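Asker: Before I ask anything, here is the structure I am working with.
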Amino acid sequence: MRGATHAKWAAGAIVIALAATACGGGGSSGGGSGADGIVSSSWGDPQNPLEPANTNEVQGGKVLDMLMRGLKRYDPKTGEAQNMIADKIDTSDSQNFTVTLKDGWTFSNGEKVTSKSFVDAWNYGANLKNNQKNASMFSYIDGYDKIHPKSGTPASDTLSGLKVVDDKTFTVKLNQKFSTWPDTLGYPAFAPLPRAFFDDHASWLSKPIGDGPYTVDSYTKGSKLSMRTWAGYMGPDKAQNGGIDLKVYTDNNTAYTDLTAGNLDLIDDVPASQLKNVKADLGDRYINTPAGIIQTLAFPYYDAAWNTPDAVKVRKGISMAINRQQITDTIFQKTRTPATDWTSPVLGAAGGYKAGLCGDACTYNPAEAKKLITEGGGIPGGQLKIAYNADTGSHKEWVDAVCNSINNALGNDKACVGGPVGTYADFRSQITQSKMSGPFRAGWQMDYPLIQNFLQPLYYTGASSNDGKWTNAEFDKLVDQANADTDKAKAVADFQQAEGVVRDQMAAIPLWYQNGSAGYSDRVSNVALNPFSVPVYNEIKVS
Amino acid sequence: MGRYVIRRLLQMIPVFFGATLLIFLMVNVMGDPIAGLCGDKACDPATAAQLKKEFGLDKPVWQQYLTYMGNVFTGDFGTAFNGQKVTELMSAAFPVTIRLTIVAIVFEVVIGISLGVVTGLRRGRPVDTVVLMLTLIVIAIPVFVTGLLLQLLLGVEWGVIRPTVSPEAPFNELLIPGLVLASVSLAYVTRLTRTSIAENRRADYVRTAIAKGLPRRRVITRHLLRNSLIPVVTFIGTDVGALMGGAIVTERIFNIHGVGYQLYQGILRQSTQTVVGFVTVLVLVFLIANLIVDLLYAVLDPRIRYA
């Protein structure tokens, strides 16, 4: 039959096509991606250009942590600020500091790291003309208002508080007393920059040069950044592997798939949907450790309804109506820990973390919650609408769970609903324009492991991240006092007292501390996350 | 014919402007993009104002649109928020997506049309029924299910392919993603070809051709298939644009850094320049693909003439 031959011909073509498909790319599967001790790790496309003072998110930050070293570095285990390039930072009045550098440090292009490398970098970072998103990190240095005015053009190109004494020494004058200021200097924005950065900015951005344990080998923006160990590195924390390949993933689920298939060595963000399987897939190659991140519910104090003395009771009541333990167990699979203060466990007791500081107000107690809310005059407007951004993260799930918990406690299934906002950008712009009408999700990832960083930027009057515009004279006074203390232990105690004010007013409801979660292949070992939930790349060993 | 082409090209101008304006307005109503750039902190107002000025966001929308379109005609698509030129993003993303689209189209043409011819010629037979059922299943299952399933089975369980595509995205790594991307359209192509072939099989010219004693292969390829392909070509033509723009899901699953990924990032970060730039090019691709489809009609069926 003639027809039959044609059917065969067509079927044959399909078989060939399918076979070709199956063969394609088959050869290179399996095994790790790199030889010679190269660790491959998942990465997200950094949002901003890779400049120290312009990087404010984790993805860019982890690169800077490999490429750059500043005056101090936070210990990957304890979070303590330790001298790196700084030999010593002296002060007698908590306001004037003299920084002395260690000898022998160079950038990977051979240029020496001098006090000018720091002063130039800081002046660049603070200057309004350069649009650096972390410029406010320099706001404690004298002369910041000249180089970064609230409006108009800068009157000066340098910070008057910075003075180069010689190659190894410079002085810093702050515009207020700030005893723990030297401990903030581990933040990447304070890294020194070589002349190449200023001379040929574009080529520096395409291949950054730093003084850290790694150098950039190749950088394809948006897809891959290869770093190799730099033999000339001066610091004590030399790299224990041959290099790191950071690969951009479109989705962290895809990265997880690649890890389980053996194509990737390390992911530093286990997708929420995989948390159920991660133990079975990775066993003890799954890390789940506390990070310096706390999630809270913030309130719009510019809305008169929330800014009444009675509203304090309502806020406490809402806090008591949230079953934190149940939500962190079921929705977050224990990758969050119920919060009992407004800081983070990574600070340690000496650093200012105080478990249980929140007391009863953070303990689930539906009966008391209902009583307090009724005493306080009920929820302003009759309904609680918790705003969150719906585009990233799985915020909808926990907001719904929180609302559910509140509704159950109040015996009213309309007492609380979620208020999704389309994009993160829109969410942020509504917050910065003070357009929130009810509580909204707030998260804080610490810049440096200090109790100051968990309190002052968030609750001090007019502070940069005081999104709810909360203000309290007593709190402000205690913070000022803590900053002026020259003794660190005394400063921490004063900050804790200030935190007590936050508690008594329930300025924001603490929800839970976030953990960092990571997973790695059996090719690598000695993997850990630092208090910022970033892998300690230089310590990873390849077997 | 020449006049027809010119008229079609002129028609493209209002479509082009309309589509870009709509996208421009849509991206702009989503709120202030600068606010999302500073993470969980508020941007300090001076820096925010400075950034807005740099990206031209401080001007009214109509003025932004005019400046933007003015720049586009000089080949300047602006700068994305991460400091990269949008043209740079395009030159990285489009080749990858074009390769993926080619793979998908080839699958559609080869598998889709072959299956369509086979089933169209033997309507009602077991082969026909089986293929019809299969296409129905493919159409019914969402692309991300097919994609994730194939990735899990072929990539992780059996290790036949790499579960993700490397940044260079060569053709051989794009075969499975291309098949996934093509799957639904492929099913439609099969069904369209089948119906069209089955209908034309009884047409007078086919009967004439058979009566003339032409070999069966010649009857099918020259006479039957050529006429039956018109609706199929229309479908595939419009599908080119749809595949390029609609690859977001497939690209996410297989970690392909193409147009879909860049658009997704652009939308998340509300980067007007990225989104509008990519959509502008996609609109052009759509228009040109449609034009080519219309011109192909005349080749397939000489009775179709353009005055």
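The values are calculated or read from the model by the stated rules, or taken from the named source; none is laboratory data. This is a predicted model, so every value here is computed, not measured. Note: ideal-geometry Cβ built from the backbone for every residue, glycine included; neighbour counts use all protein chains shown.
Asker: For the stretch A:204-230, give me each residue that is more than 12 Å from chain B (Cβ to nearest Cβ) and farther than 22 Å from A:TRP122 by Cβ.
Answerer: Of everything in the stretch A:204-230, those that are more than 12 Å from chain B (Cβ to nearest Cβ) and farther than 22 Å from A:TRP122 by Cβ turn out to be A:LYS207, A:PRO213, A:TYR214, A:THR215, A:VAL216, A:ASP217, A:MET227, A:ARG228, A:THR229, A:TRP230.
Asker: Every residue in the stretch B:123-137 that is more than 14 Å from chain A (Cβ to nearest Cβ), closer than 16 Å to B:SER183 by Cα and β-branched (Val, Ile, Thr), please.
Answerer: Result: B:ILE137, single match.
Asker: Same structure again: Scan the stretch A:419-436 for residues that are part of a loop (DSSP other than H, G, I, E, B) and in contact with a strand residue (DSSP E or B) (Cβ under 7 Å, 6 or more places away or on another chain) and jot them down.
Answerer: Those that are part of a loop (DSSP other than H, G, I, E, B) and in contact with a strand residue (DSSP E or B) (Cβ under 7 Å, 6 or more places away or on another chain): A:THR423, A:MET436.
Asker: Quickly run through the stretch A:258-296 and pick out the residues that are surrounded by fewer than 24 Cβ atoms within 10 Å (Cβ to Cβ), touching a residue at least 60 places away in the same chain (Cβ under 8 Å) and within 8 Å of another protein chain (Cβ to nearest Cβ).
Answerer: Matches in the stretch A:258-296: A:ALA261 only.
Asker: Of everything in the stretch B:89-145 that's of a type in the set (S, T, N, Q) and in contact (Cβ under 8 Å) with a residue 40 or more places away in the chain, which residue is surrounded by the fewest Cβ atoms within 10 Å (Cβ to Cβ)?
Answerer: Step by step, filter the stretch B:89-145, then rank; the result is B:THR135.
Asker: Any residue at all in the stretch B:29-44 that is away from chain A (no Cβ under 14 Å), closer than 21 Å to B:VAL283 by Cβ and either modelled with pLDDT under 85 or out of contact with any Cys (no Cβ under 9 Å at 6 or more places or on another chain) (or both)?
Answerer: no
Asker: Of all the residues that make up the stretch A:356-405, how many are of a type in the set (S, T, N, Q) and farther than 27 Å from B:ILE267 by Cβ?
Answerer: Number of matching residues: 6.
Asker: Further, regarding this structure: So A:ASP199 fits all but one of (1) without any contact (Cβ under 8 Å) to a residue 60 or more places away in the chain; (2) more than 8 Å from every other protein chain (Cβ to nearest Cβ); (3) within 23 Å of A:ASN526 (Cβ to Cβ); what number is the exception?
Answerer: Unmet condition: (3).
Asker: Got at least one residue in the stretch B:259-268 being closer than 30 Å to B:TYR4 by Cβ and not small (Gly, Ala, Ser)?
Answerer: no
Asker: With A:ARG69, A:ARG73 as the choices, which residue is under 24 Å from A:LEU347 (Cα atoms) and not in a strand (DSSP E or B)?
Answerer: Only one candidate qualifies: A:ARG69.
Asker: Moving on. Give B:LEU243, B:LEU174 a once-over and let me know the one that is away from chain A (no Cβ under 14 Å), under 15 Å from B:VAL106 (Cβ atoms) and crowded, with 23+ Cβ neighbours inside 10 Å.
Answerer: B:LEU243
Asker: On to the next question. Of all residues in the stretch B:214-240 being more than 25 Å from the chain's Cα centre (by Cα) and among the hydrophobic types (A, V, I, L, M, F, W, C), which is nearest to the other protein chains (Cβ to nearest Cβ)?
Answerer: B:ILE220
Asker: Exactly one of (1) in a helix (DSSP H, G or I); (2) surrounded by fewer than 23 Cβ atoms within 10 Å (Cβ to Cβ) is unmet by A:ASP90. Its number?
Answerer: The number of the failed condition is (1).
Asker: Another question about this same structure. Would you mind stating whether A:THR153 is crowded, with 20+ Cβ neighbours inside 10 Å, touching a Lys or Arg at 6+ places or on another chain (Cβ under 8 Å), modelled with pLDDT under 95 and among the β-branched types (Val, Ile, Thr)?
Answerer: Criteria not met by A:THR153.
Asker: Let me ask you something else. Give me the residue from the stretch A:232-257 that is within 14 Å of another protein chain (Cβ to nearest Cβ) and free of Cβ contacts under 8 Å to residues at least 60 places away in the same chain and, out of that set, nearest to A:ILE331 (Cα to Cα).
Answerer: Top of the filtered list is A:ASN253.
Asker: Just to check your reading of the model, which residue among A:SER521, A:SER465, A:SER434 is within 14 Å of chain B (Cβ to nearest Cβ) and at positive phi?
Answerer: Just one listed residue meets the conditions, A:SER434.
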